[in-house]
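Student: Starting off with a structure, shown below.
The values are calculated or read from the model by the stated rules, or taken from the named source; none is laboratory data. These numbers come from a predicted model, not from an experiment. With ideal geometry, Cβ positions are generated from the backbone for all residues, glycine too; neighbour counts draw on all protein chains shown.
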Amino acid sequence: MAEHPPYPVGLRLTGRRVVVLGGGQVAQRRLPALIKAGADVHLVSPEATPSVEAMADAGEITWHRRPYAEGDLADAWYALIATSDPDANTAASAEAEAHRVWCVRSDDADRATAWTPATGHSEGVTVAVLTTDARGRDPRHTAAVRDAVVEGLRDGTLVAPHFRTRTAGVALVGGGPGDPDLITVRGRRLLAEADVVIADRLGPRDLLAELPPHVEVIDAAKIPYGRFMAQEAINNALIEHAKRGRSVVRLKGGDPYVFGRGMEELHALTEAGIPCTVVPGISSSISVPGAAGIPVTHRGVAHEFTVVSGHVAPDDERSLVDWPSLAKLTGTLVILMGVDKIGRIAETLVAHGKSPDTPVALVQEGTTSSQRRVDATLATVAETVVAQDVKPPAVIVVGDVVAVGPDGTAA
């Protein structure tokens, strides 16, 4: 065995008998994969860990509450031997050899006929890593190789394009609040596989520099609008590129459905018969305050938080926000897109009962290297924005949580 590497193969165990001897930690780690593979799992062990017992109670495995006995491996396709009894392990291993049952032994890999690889999964791909030199097996190195490959596939740093199964379509990807590390794993992978990326100004721009040279990057703000409204032009661009057989990513800041017009784009794509995937993103409404040290909820301070758009002033007839009701809430108010309207917003909140001393924080370009936090109150926020030259994008937080310090108490 030391001279010949193992031959890798994928076992199809659906509906086939698999015997596991021993109900300890090894079985607890290995059973979920066998169950997921659809195997008819029979556990032989007088005892089991609570997790293994729960699998038996749920009907996922059949538990024979006794020690190993000769004949337990009859008709098995695969066996995992993991008892604490060396004699039972040796006898079971001999039975497996006699009946040509592939057998893994947790106590002595050299006496096994099969080894369990370090495995990981990413979008329909299973990565299995085996050490090929029996004299120098290093489980930690094997697991590290597995982790590196899986992580690369998930975050897009290891690009493996699809050839047979790839289909044209659009992915609406929430890019998060700005820090490129805060995009989801799935979002980053779809970016790496895209032919065209239509990006918003508030999307994580640093990610665009990582794209391969062949990817066409389009600034949504620079799409010619002509006789169309801006959103219509973006919708049309998404549809046109997808109809050309391209994989398109619509990269948006935050989450596509939090003031991101994601549903409008989804409706347009659906009407055009274009397949669309929506990938949620981390909303700036919670992540930016958090990055600035502000919890939007805190025990004893705020039991709820409300997120509103401030792009329309309270006295504008187009406003859909019930500002008088918001003024009566005791929780946290998070305002997006409201820097230029914060004066009128603060006046409205105070006029309807909010204390003028209510703390306010403005977090500009949150989670990026340019992040800065400016504190004020409802009474002073309008003049503070001017004096401190606060510019969009900025998340505004109103409420007592602004004054909560690192020790968990209000300042």
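Student: Just checking, which of ARG154, ARG227 is at pLDDT below 90 and closer than 30 Å to PRO289 by Cα? Full working, then the answer.
Tutor: On the way: ARG227 fails: closer than 30 Å to PRO289 by Cα.
Answer to the selection: ARG154.
Student: Which members of the stretch 53-77 meet the condition of being aliphatic (A, V, I, L, M) and either over 17 Å from ARG17 (Cβ atoms) or not assigned by TED's automatic domain parsing to the domain that holds GLN28 (or both)? Lay out the reasoning, then the answer.
Tutor: Our first condition is that a residue be aliphatic (A, V, I, L, M); within the stretch 53-77, this holds for 54-56, 58, 61, 69, 73-74, 76.
Once the filter is applied, which keeps residues that are aliphatic (A, V, I, L, M) and either over 17 Å from ARG17 (Cβ atoms) or not assigned by TED's automatic domain parsing to the domain that holds GLN28 (or both), the stretch 53-77 yields ALA54, ALA58.
Student: Now, a different point. Only strands (runs of 3 or more DSSP E) wholly contained in the stretch 1-88 count here; list those with 1 or more residues that are among the hydroxyl-bearing types (Ser, Thr, Tyr) and modelled with pLDDT of 95 or more. Lay out the reasoning, then the answer.
Tutor: On the way: elements: 17-21, 40-44, 62-64, 78-81.
Passing ranges, in order: 62-64, 78-81.
Student: Among the residues that make up the stretch 2-12, is at least one of them within 28 Å of GLY120 (Cβ to Cβ), aromatic (Phe, Trp, Tyr) and out of contact with any strand residue (DSSP E or B) (no Cβ under 9 Å at 6 or more places or on another chain)?
Tutor: Taking the stretch 2-12 as the starting set, the residues that turn out to be within 28 Å of GLY120 (Cβ to Cβ) are 2, 4-12.
Subsequent filtering for residues that are aromatic (Phe, Trp, Tyr) retains 7.
Checking which are out of contact with any strand residue (DSSP E or B) (no Cβ under 9 Å at 6 or more places or on another chain) leaves us with 7.
Yes, the conditions are met somewhere in the stretch 2-12.
Student: Suppose we keep only residues that are without any contact (Cβ under 8 Å) to a residue 60 or more places away in the chain and part of a loop (DSSP other than H, G, I, E, B) within the stretch 201-210. Which one would you say is surrounded by the most Cβ atoms within 10 Å (Cβ to Cβ)?
Tutor: Per the stated criteria, the residue is GLY203.
Student: Give me a count of the residues in the stretch 355-391 that are touching a residue at least 40 places away in the same chain (Cβ under 8 Å) and in contact with a strand residue (DSSP E or B) (Cβ under 8 Å, 6 or more places away or on another chain). Before the answer, list the steps.
Tutor: We begin by selecting, within the stretch 355-391, every residue touching a residue at least 40 places away in the same chain (Cβ under 8 Å); these are 358-361, 363, 365-368, 371, 373, 382, 385, 390-391.
Going one step further and asking which of them are in contact with a strand residue (DSSP E or B) (Cβ under 8 Å, 6 or more places away or on another chain), we end up with 358-361, 363, 365-367, 371, 373, 385, 390-391.
Within the stretch 355-391, residues that are touching a residue at least 40 places away in the same chain (Cβ under 8 Å) and in contact with a strand residue (DSSP E or B) (Cβ under 8 Å, 6 or more places away or on another chain) number 13.
Student: Okay, moving on. Would you be able to say whether some residue in the stretch 43-52 is more than 35 Å from the chain's Cα centre (by Cα), crowded, with 22+ Cβ neighbours inside 10 Å and in the same structural domain as SER106 (by TED's automatic domain parsing)? Working first, answer last.
Tutor: Quick first cut of the stretch 43-52, residues more than 35 Å from the chain's Cα centre (by Cα) only: 44-47.
Filter again for crowded, with 22+ Cβ neighbours inside 10 Å, leaving 44-45.
If we keep only those that are in the same structural domain as SER106 (by TED's automatic domain parsing) too, we end up with 44-45.
Checked against the condition, which is being more than 35 Å from the chain's Cα centre (by Cα), crowded, with 22+ Cβ neighbours inside 10 Å and in the same structural domain as SER106 (by TED's automatic domain parsing), the stretch 43-52 yields at least one hit.
Student: Just wondering, is there one or more residues in the stretch 311-324 that are more than 22 Å from GLN364 (Cα to Cα), in contact with a His (Cβ under 9 Å, 6 or more places away or on another chain) and surrounded by 15 or more Cβ atoms within 10 Å (Cβ to Cβ)?
Tutor: The answer is yes, given that some residue of the stretch 311-324 is more than 22 Å from GLN364 (Cα to Cα), in contact with a His (Cβ under 9 Å, 6 or more places away or on another chain) and surrounded by 15 or more Cβ atoms within 10 Å (Cβ to Cβ).
Student: Please count how many residues of the stretch 55-82 are surrounded by fewer than 12 Cβ atoms within 10 Å (Cβ to Cβ) and within 35 Å of the chain's Cα centre (by Cα).
Tutor: 3
Student: Going through ALA233, ALA220, ALA291, ALA199 one at a time, which residue ends up being modelled with pLDDT under 95, within 24 Å of the chain's Cα centre (by Cα) and among the small types (Gly, Ala, Ser)? Break it down into steps so the answer makes sense when it comes.
Tutor: Working: ALA233 fails: within 24 Å of the chain's Cα centre (by Cα); ALA220 fails: within 24 Å of the chain's Cα centre (by Cα); ALA291 fails: modelled with pLDDT under 95.
Just a single option satisfies the conditions, and that option is ALA199.
Student: Restricting the stretch 385-400 to residues that are of a type in the set (A, V, I, L, M) and over 27 Å from the mean Cα position of the chain (by Cα), which is nearest to ARG373 (Cα to Cα)? Write out each step before concluding.
Tutor: First, the residues of the stretch 385-400 that are of a type in the set (A, V, I, L, M): 385-387, 390, 394-398.
If we keep only those that are over 27 Å from the mean Cα position of the chain (by Cα) too, we end up with 385-387, 390, 398.
Numbers: VAL385: 11, VAL386: 14, ALA387: 14, VAL390: 9, VAL398: 13 Å.
Looking at residues that are of a type in the set (A, V, I, L, M) and over 27 Å from the mean Cα position of the chain (by Cα), I get VAL390.
Student: What is the number of the single condition among (1) of a type outside the set (Gly, Ala, Ser); (2) buried (at least 19 other Cβ atoms within 10 Å of the Cβ); (3) modelled with pLDDT under 80 that ILE183 does not meet?
Tutor: (3)
Student: Taking the stretch 211-239 on its own, how many of its residues are surrounded by 14 or more Cβ atoms within 10 Å (Cβ to Cβ) and assigned to a helix (DSSP H, G or I)?
Tutor: Residues meeting the conditions: 10.
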